[in-house]
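Asks: Dropping a structure here in structure tokens format, bear with me for questions.
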Amino acid sequence: MGYFANAGQILIVFAFGAVIGLFLLRLLAEAARVDFYNPICQFLYRTTHPLLAPLRRFVPSVRRINLAPLLLAYLAALLKWALLLVLGGLRPALAGLLLLGLTELADYLLVLYMAMIFAWSLMSFLAVDSPHPLVPFMGKLVGPVLRPLRRVLPTPGGIDFSPALAILLILLARALVVQPMFDFGTALAR
């Protein structure tokens, strides 16, 4: 039974991670006003629109932020943790499950930004051709995070250290905020 439980956990983590990622990328693309005709945005729109269209009537938007993808990502995180806990032989408590879902979203968003910042800095280092749709897409998503750091940090010799500082801050946030929330949520869920 151990092999099947591990395979089930891997499938749950992968499938729900992909769903959460799609909804969070849709949320971020809308908030950053990425060009709608970018092929990546078109993919995000086509894959998430069937679930978001009916929800948009009931879930309000706050400024630039459409809360419907955030709600669906949160529900996917809740379902993921409920399945993982049940598969582990536990009966999850609601308060712990709600906190684990919130922690999952925060951690996923931090890891997503860390990966995007790393990839963005790598692409700028390697001088990737700018007509590729990934370059403007990631530039629009990463720009608001790096812009405040660029104002503060000097650029000696034209070297931009803002991606390194952003990744360091994200790692600190994961260690100091997300991990204690995860530990507390796990304790509550049992």
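Asks: Return a yes/no flag: does the stretch 100-114 have any residue that is more than 19 Å from the chain's Cα centre (by Cα) and under 15 Å from Ala166 (Cβ atoms). Before the answer, list the steps.
Replies: At the first step, the residues of the stretch 100-114 found to be more than 19 Å from the chain's Cα centre (by Cα) are none.
The answer is no; no qualifying residue exists.
Asks: Within the stretch 9-58, work out how many residues are more than 20 Å from Tyr108 (Cα to Cα), out of contact with any helix residue (DSSP H, G or I) (no Cβ under 6 Å at 6 or more places or on another chain) and among the β-branched types (Val, Ile, Thr).
Replies: Adding up the residues that qualify gives 0.
Asks: Same structure again: Kindly indicate whether Leu90 is surrounded by fewer than 15 Cβ atoms within 10 Å (Cβ to Cβ) and in contact (Cβ under 8 Å) with a residue 40 or more places away in the chain. Show your work before the answer.
Replies: Numbers: surrounded by fewer than 15 Cβ atoms within 10 Å (Cβ to Cβ): yes; in contact (Cβ under 8 Å) with a residue 40 or more places away in the chain: yes.
In short, yes.
Asks: Only one residue in Arg33, Arg56 is under 23 Å from Gly139 (Cβ atoms) and among the charged types (D, E, K, R). Which one?
Replies: Details: Arg56 fails: under 23 Å from Gly139 (Cβ atoms).
Selected residue: Arg33, the only one of Arg33, Arg56 that is under 23 Å from Gly139 (Cβ atoms) and among the charged types (D, E, K, R).
Asks: Could you list, in sequence order, all residues of the stretch 104-118 that are more than 24 Å from Ile12 (Cβ to Cβ) and surrounded by fewer than 15 Cβ atoms within 10 Å (Cβ to Cβ)?
Replies: Going through the stretch 104-118, the residues more than 24 Å from Ile12 (Cβ to Cβ) turn out to be 116-118.
Of everything in the stretch 104-118, nothing turns out to be more than 24 Å from Ile12 (Cβ to Cβ) and surrounded by fewer than 15 Cβ atoms within 10 Å (Cβ to Cβ).
Asks: Let me ask you something else. So in the stretch 31-40, with the set limited to residues that are surrounded by fewer than 20 Cβ atoms within 10 Å (Cβ to Cβ) and not basic (Lys, Arg), which one is farthest from the chain's Cα centre (by Cα)? Full working, then the answer.
Replies: Of the stretch 31-40, the ones surrounded by fewer than 20 Cβ atoms within 10 Å (Cβ to Cβ) are 31-33, 35-40.
Checking which are not basic (Lys, Arg) leaves us with 31-32, 35-40.
Details: Ala31: 13, Ala32: 14, Asp35: 19, Phe36: 20, Tyr37: 22, Asn38: 20, Pro39: 20, Ile40: 16 Å.
Restricting to residues being surrounded by fewer than 20 Cβ atoms within 10 Å (Cβ to Cβ) and not basic (Lys, Arg), the top hit is Tyr37.
Asks: Considering only residues that are touching a Phe, Trp or Tyr at 6+ places or on another chain (Cβ under 8 Å) and either closer than 17 Å to Ala76 by Cα or not hydroxyl-bearing (Ser, Thr, Tyr) (or both), look in the stretch 41-51 and name the one that is surrounded by the fewest Cβ atoms within 10 Å (Cβ to Cβ). Give the derivation first.
Replies: Going residue by residue through the stretch 41-51, those that are touching a Phe, Trp or Tyr at 6+ places or on another chain (Cβ under 8 Å) are 41-42, 45, 48.
Remaining after also requiring either closer than 17 Å to Ala76 by Cα or not hydroxyl-bearing (Ser, Thr, Tyr) (or both): 41-42, 48.
On the way: Cys41: 20, Gln42: 13, Thr48: 20.
My answer is Gln42.
Asks: For Leu85, all conditions in the list (1) of a type outside the set (Lys, Arg); (2) in contact with a helix residue (DSSP H, G or I) (Cβ under 7 Å, 6 or more places away or on another chain); (3) within 21 Å of Tyr113 (Cβ to Cβ); (4) crowded, with 19+ Cβ neighbours inside 10 Å hold save one; what is the number of the exception?
Replies: Result: Leu85 fails condition (3) only.
Listed here are the residues, each with its yes/no results for (1) under 19 Å from Met181 (Cβ atoms); (2) small (Gly, Ala, Ser).
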residue: Tyr45; (1), (2): no, no
residue: Ala53; (1), (2): no, yes
residue: Pro69; (1), (2): no, no
residue: Gly88; (1), (2): no, yes
residue: Leu112; (1), (2): yes, no
residue: Pro133; (1), (2): no, no
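Asks: Here's something else I'd like to know. Between a residue in the stretch 174-190 that is closer than 23 Å to Ala115 by Cβ and any residue that is acidic (Asp, Glu) and part of a helix (DSSP H, G or I), which pairs come within a Cβ distance under 7 Å, given they are 6 or more apart or on different chains?
Replies: Arg174/Asp107; Val178/Asp107
Asks: Additional query: If I ask for residues that are surrounded by 15 or more Cβ atoms within 10 Å (Cβ to Cβ) and either free of Cβ contacts under 8 Å to residues at least 24 places away in the same chain or over 19 Å from Ala31 (Cβ atoms) (or both), which ones from the stretch 133-149 would you list?
Replies: Of everything in the stretch 133-149, those that are surrounded by 15 or more Cβ atoms within 10 Å (Cβ to Cβ) and either free of Cβ contacts under 8 Å to residues at least 24 places away in the same chain or over 19 Å from Ala31 (Cβ atoms) (or both) turn out to be Val135, Met138, Gly139, Leu149.
Per-residue answers, yes or no, for (1) β-branched (Val, Ile, Thr); (2) touching a helix residue (DSSP H, G or I) at 6+ places or on another chain (Cβ under 8 Å); (3) assigned to a helix (DSSP H, G or I); (4) modelled with pLDDT under 90:
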site: Ile117; (1), (2), (3), (4): yes, yes, yes, no
site: Ser124; (1), (2), (3), (4): no, no, yes, yes
site: Asp129; (1), (2), (3), (4): no, yes, no, yes
site: Met138; (1), (2), (3), (4): no, yes, yes, no
site: Leu141; (1), (2), (3), (4): no, yes, yes, no
site: Leu168; (1), (2), (3), (4): no, no, yes, no
site: Leu172; (1), (2), (3), (4): no, no, yes, no
site: Ala175; (1), (2), (3), (4): no, no, yes, no
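Asks: Among the candidates Val34, Val86, Val59, single out the residue that is within 28 Å of Ala166 (Cα to Cα) and among the aliphatic types (A, V, I, L, M). Write out each step before concluding.
Replies: Numbers: Val86 fails: within 28 Å of Ala166 (Cα to Cα); Val59 fails: within 28 Å of Ala166 (Cα to Cα).
Going through Val34, Val86, Val59 in turn, just one is within 28 Å of Ala166 (Cα to Cα) and among the aliphatic types (A, V, I, L, M): Val34.
The values are calculated or read from the model by the stated rules, or taken from the named source; none is laboratory data. Computed from a prediction, not measured in an experiment: that's the story for all the values here. Glycine also receives a Cβ, built like all others from the backbone with ideal geometry; neighbour counts cover every protein chain displayed.
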